[in-house]
1. Being surrounded by 17 or more Cβ atoms within 10 Å (Cβ to Cβ) and of a type outside the set (A, V, I, L, M, F, W, C) is the filter here; which residues of the range A:80-95 pass it?
2. Please specify each residue of the range A:31-66 satisfying the condition of being farther than 20 Å from A:H100 by Cα, surrounded by fewer than 23 Cβ atoms within 10 Å (Cβ to Cβ) and out of contact with any strand residue (DSSP E or B) (no Cβ under 6 Å at 6 or more places or on another chain).
3. Is it the case, given these coordinates, that A:S55 is farther than 30 Å from B:I55 by Cβ, out of contact with any Phe, Trp or Tyr (no Cβ under 9 Å at 6 or more places or on another chain) and free of Cβ contacts under 8 Å to residues at least 40 places away in the same chain?
4. Restricting to the range B:1-14, and then to whatever is assigned to a loop (DSSP other than H, G, I, E, B) and in contact (Cβ under 8 Å) with a residue 60 or more places away in the chain, can you tell me which residue is nearest to the chain's Cα centre (by Cα)?
5. I'd like the full set of residues that are part of a loop (DSSP other than H, G, I, E, B), among the small types (G, A, S) and more than 15 Å from B:L13 (Cα to Cα), limited to the range B:36-60.
6. From the list B:L46, B:L11, B:L17, B:L5, which one is surrounded by 13 or more Cβ atoms within 10 Å (Cβ to Cβ) and under 14 Å from B:M137 (Cα atoms)?
7. Name the residues in the range A:73-112 that are assigned to a helix (DSSP H, G or I), away from every other protein chain (no Cβ under 11 Å) and of a type in the set (A, V, I, L, M, F, W, C), would you?
8. Does the range A:5-36 hold any residues that are assigned to a helix (DSSP H, G or I), within 14 Å of chain B (Cβ to nearest Cβ) and touching a helix residue (DSSP H, G or I) at 6+ places or on another chain (Cβ under 8 Å), and which are they?
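The values are calculated or read from the model by the stated rules, or taken from the named source; none is laboratory data. Source: prediction; values computed, not measured. Cβ atoms come from the backbone with ideal geometry, glycine included; neighbour counts cover every protein chain shown.
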Amino acid sequence: MELAAEEIEGGITRIVLDGRLDIAGAGAIDLRFNTLAGSRRAVVVDLSRVSFLASMGIRLLLTGAKAVGSKGGKMVLLGPDPAVEKVLKTAGIDTLIPIHHDARGAIAAVKP
Amino acid sequence: MEPALAEMQHLVLRRDLAEIARMAAWIDAQARILALSDGMIFRLQLCLEEAISNIVRHGIAPAGGEEIRLSLGGRQTRVTAWVEDGGEAFDPLQIPPPEPATSIADAKPGGLGIHLMRQFATRIEYQRLGSRNRLIMDFAPS
């Protein structure tokens, strides 16, 4: 599981996750992910390279979104593949962390 | 002819979350024999990760009951997984579904594993056999 973070326009952070967001994958990145989420107010989490998602991965995303939200910030998810999106929707996460399929929409949604 | 497992395949796991990676590789190998679709593999991997991590994180095993035994059998269009452990009786089907959170502040991380298993397996059955728990999950193309 890989995590890359970049600052894009206007104080927005894009976090790109790459690999399997299973129990091992979530464990491998949770410290970095939570540190980023704890210090940013506008976060786009790019899931387009995530091939698998289980409940520990959902926990990671939810914990991050709570950290961003507690500071009055916003976090959205970008581009999950259909299987990953189905897990997110089955878990009811899409109502808490909006899912976007185009980068422009995701950026607009978190813009301070 | 539809690909099938000639006999039931078994994997014995320790009660350790690190074992889940070894299990995932083993499931992939069985899935190749069965020529399973990506969707079926995803559902198998998801439900079995949730089942095993629940047992490891919440199950209390008496001495000698530490092993978890995973068995897989079936054919391309109907795969069955059996998960057995020697922990205290625990029927995941008795756990009510999580209350949907109305806001990110109210959302409680966790408690989703069993809900996902119920939604992604075609059928789930729990049996208590002596001092062992057995969870049976069937997967058919949806």
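1. A:P80, A:E85, A:K86, A:T90, A:G92
2. Residues satisfying the conditions are A:L31, A:N34, A:T35, A:G38, A:S39.
3. Numbers: farther than 30 Å from B:I55 by Cβ: no; out of contact with any Phe, Trp or Tyr (no Cβ under 9 Å at 6 or more places or on another chain): yes; free of Cβ contacts under 8 Å to residues at least 40 places away in the same chain: yes.
Judged against the criteria, A:S55 is not a match.
4. Residues of the range B:1-14 that are assigned to a loop (DSSP other than H, G, I, E, B), as a first pass: B:1-3, B:5-8, B:14.
Cutting the leftovers down to in contact (Cβ under 8 Å) with a residue 60 or more places away in the chain gives us B:2-3, B:5, B:7-8.
Values: B:E2: 24, B:P3: 22, B:L5: 18, B:E7: 19, B:M8: 16 Å.
Here the answer is B:M8.
5. At the first step, the residues of the range B:36-60 found to be part of a loop (DSSP other than H, G, I, E, B) are B:36-37, B:59-60.
Narrowing the set further to residues that are among the small types (G, A, S) leaves B:37, B:59.
The one that is part of a loop (DSSP other than H, G, I, E, B), among the small types (G, A, S) and more than 15 Å from B:L13 (Cα to Cα): B:S37.
6. Working: B:L11 fails: under 14 Å from B:M137 (Cα atoms); B:L17 fails: under 14 Å from B:M137 (Cα atoms); B:L5 fails: under 14 Å from B:M137 (Cα atoms).
None of the others qualify; the one that does is B:L46.
7. Passing the criteria: A:A103, A:A106, A:I107, A:A108, A:A109, A:V110.
8. First, the residues of the range A:5-36 that are assigned to a helix (DSSP H, G or I): A:9-11, A:23-36.
Narrowing further to those that are within 14 Å of chain B (Cβ to nearest Cβ): A:23-28, A:30, A:33-34.
Result: A:I23, A:A24, A:G25, A:A26, A:G27, A:D30, A:F33, A:N34.
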